Every structure is written in structure tokens, then in C-alpha cells.
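Below is one structure, written out as C-alpha cells; comments come after it.
The values are calculated or read from the model by the stated rules, or taken from the named source; none is laboratory data. Please read these numbers as outputs of a predicted model, since none were measured by experiment. Ideal geometry is used to build each Cβ from the backbone, glycine not excepted, and the neighbour counts take in all protein chains shown. To get the accessible areas, we keep the full protein, side chains included, count just its heavy atoms, and leave off ligands, DNA and RNA. Shrake-Rupley method; radii C 1.70, N 1.55, O 1.52, S 1.80 Å.
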Amino acid sequence: MAKRVHQPREDAEFDFILGMSKVPVLAYFTGTWPKAIEPCRAMDLVVGDIADEYTGRLTAVRTDITRCPAATERYGITGAPSYVLLKEGEAVAHGTGPMTIAAVREFLDGHL
């Protein structure tokens, strides 16, 4: 995972990161149950590359569903991996499932 990807340990830390970000936030939700582990690990690499590529234009936050249940509920996350693009704290786009780096770029570029 790239150093530029924040990994909050709890909802309060997630909210703090959102509040401090001066750029849009890509909240990437992960899970640790057996069917989610492999796709989430694959997306760790993609999101890490995106975080590096979009430095200064985007804050990436890897959010564990079990550690941040309030954020998970707030954004209607029902599976992992899932993504929410937030601008000024408001969700402007949702995505779910494994994505290629090109698909993530397309997901982001329409909103940044």
C-alpha cells in the first residue's frame, strides 16, 4: 500500500481525515471476510498507484468496514471492495467490485 493512502483505525479518524482534506477524497472500503480478501488485496495495489498518480488532487483513504462501521453505514456500503468519491464531505460517485486502474481513472476523472 502506498504511503499516500490513509488507513484510519476508527470512525473518528476517518472523519478527521475527511475534515482535513482540501481535495476530494476517494474512500475505498475493504473487508476481511474470505470472499473479500483477494479482491481487496488486488485493489490495494490499484488504489496505491492512483494515490501516487493523483497526488495533490485526491486524498485516498483505505477504510476497513469492521473498523469504521459508522462511515460504512453513512455511505451505504454493503460489500467490499467499494468506493465513494467525496467532495467537501458529500458523496458524488459510488463504485463497487474490483476495477482496473483505467476504470478507477475513469471513475475519478468525471468528477475531479
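Among the residues examined, VAL5 does not qualify as in contact with a His (Cβ under 9 Å, 6 or more places away or on another chain) and among the hydrophobic types (A, V, I, L, M, F, W, C). Set side by side, the residues GLY110, GLY89 differ, and just one is within 21 Å of GLY19 (Cβ to Cβ) and either exposed (fewer than 12 other Cβ atoms within 10 Å of the Cβ) or over 13 Å from the mean Cα position of the chain (by Cα) (or both), which is GLY89. For region 67-86, a residue qualifies if it is at pLDDT 95 or above, surrounded by fewer than 20 Cβ atoms within 10 Å (Cβ to Cβ) and more than 11 Å from the chain's Cα centre (by Cα), and the qualifying residues are ARG67, PRO69, ALA70, GLU73, ARG74, TYR75, GLY76.
For ASP52, indicate whether it is without any contact (Cβ under 8 Å) to a residue 12 or more places away in the chain, open to solvent by 60 Å² or more (accessible area, probe 1.4 Å), within 20 Å of ARG4 (Cβ to Cβ) and over 11 Å from the mean Cα position of the chain (by Cα). When the stated conditions are applied, ASP52 does not pass them. Could you grab me the full set of residues in region 3-12 that are open to solvent by less than 50 Å² (accessible area, probe 1.4 Å) and within 11 Å of VAL61 (Cα to Cα)? Listed by number, the residues that qualify are VAL5, PRO8. Screening region 23-45 for residues that are charged (D, E, K, R) and out of contact with any strand residue (DSSP E or B) (no Cβ under 8 Å at 6 or more places or on another chain) and picking the one that is surrounded by the most Cβ atoms within 10 Å (Cβ to Cβ) gives ARG41.
Here is a yes/no grid of residues against (1) touching a Pro at 6+ places or on another chain (Cβ under 8 Å); (2) within 18 Å of PRO81 (Cα to Cα); (3) of a type in the set (Gly, Ala, Ser); (4) part of a helix (DSSP H, G or I):
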position	(1), (2), (3), (4)
ILE17	yes, no, no, yes
LEU26	no, yes, no, no
ILE37	no, yes, no, yes
CYS40	yes, yes, no, yes
ASP44	no, yes, no, yes
ASP52	no, no, no, yes
GLY56	no, no, yes, no
